[in-house]
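The values are calculated or read from the model by the stated rules, or taken from the named source; none is laboratory data. All values reported here derive from a predicted model rather than from experimental measurement. With ideal geometry, Cβ positions are generated from the backbone for all residues, glycine too; neighbour counts draw on all protein chains shown.
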Amino acid sequence: MNDNLKRAQLRAAQYQHGDGTIDLTFGSVFLLAAICFWGIYKISSSHSMFSTKILPVLTLAGFLGAAILIDALVKWFKRRVTAPRNGSVIPRKLGPLSRVAHRSIWIGIPVLTIGLMAVLFLFRAQFQMENQDAANVLLPLFWGMLFGGLWFLAARKIGLNHFYLMAVVSLLVSGMLFVTGAAGIPAMVILCGALGTALTISGVIMMLHFLQNTGLPNEAASGN
């Protein structure tokens, strides 16, 4: 009985998050964080009172506001688009990804990650900052391990295997940043940008797969 209940809970979790919205939500947030980090890095180089004291606070407020807006848009989309496509009390099990979609996630994202790591290694001198301290060097590694651990736990709880891939991407990119000596805000831009891009790619693919494998109740009724 407990096994049946666990399987039902797992199926419900997979159906809830298998539409790609969780990928798109966090992908957008990571990309937004990369943009904010880049903006702070570029403007704070002037070392004015505004850029060093006021701008970071305004950027943080803008990031939080945009993140809340993204979350609200995703919830609206789930309520108006994905939820009505279920049409039953018990969530249906989604079919497997097509060969093209599967390869796009499991081959495309690793290839892009390896390419990014190669660029970081080849141009490592340009990513290194002067007067680096231990905190700045360890910053991307710490966040990469944290993000990787969170995606690993999410994969185990929800049962969506591509979340394991996101954990690996986070660990590999942060590890390469540490090896090449990239530190501080530029390193966080690269880490957040890499995770945001990977999650956005998987989110778009999962969303298209969900929409192709489900239909509105009136569409199903008209087909009978």
Inset, instruction - Out of the residues in the stretch 120-137 that are at pLDDT 75 or above, loosely packed, with under 13 Cβ neighbours inside 10 Å and hydrophobic (A, V, I, L, M, F, W, C), state the one that is nearest to residue 173 (Cα to Cα). - result: 121
Inset, instruction - Could you give me the residue pairs with C-beta distances under 9 Å whose first residue belongs to the stretch 170-185 and is in contact (Cβ under 8 Å) with a residue 40 or more places away in the chain, whose second residue is outside any helix (DSSP H, G or I) and acidic (Asp, Glu) wherever it lies, and which are 6+ apart or on separate chains? - result: 183/133
Inset, instruction - Please name all residue pairs, on different chains or six or more residues apart, with Cβ atoms under 6 Å, provided the first residue is in the stretch 15-35 and is over 13 Å from residue 82 (Cβ atoms) and the second residue is β-branched (Val, Ile, Thr) and surrounded by fewer than 20 Cβ atoms within 10 Å (Cβ to Cβ). - result: 27/200; 28/70
Inset, instruction - Kindly establish whether residue 108 is closer than 28 Å to residue 22 by Cα, within 23 Å of the chain's Cα centre (by Cα) and either at pLDDT 80 or above or among the acidic types (Asp, Glu) (or both). - result: yes
Inset, instruction - Evaluate the following for residue 179: is it out of contact with any Leu (no Cβ under 9 Å at 6 or more places or on another chain), under 17 Å from residue 118 (Cα atoms) and surrounded by fewer than 24 Cβ atoms within 10 Å (Cβ to Cβ)? - result: no
Inset, instruction - State the number of residues belonging to the stretch 162-194 that are at positive phi and touching a Pro at 6+ places or on another chain (Cβ under 6 Å). - result: 0
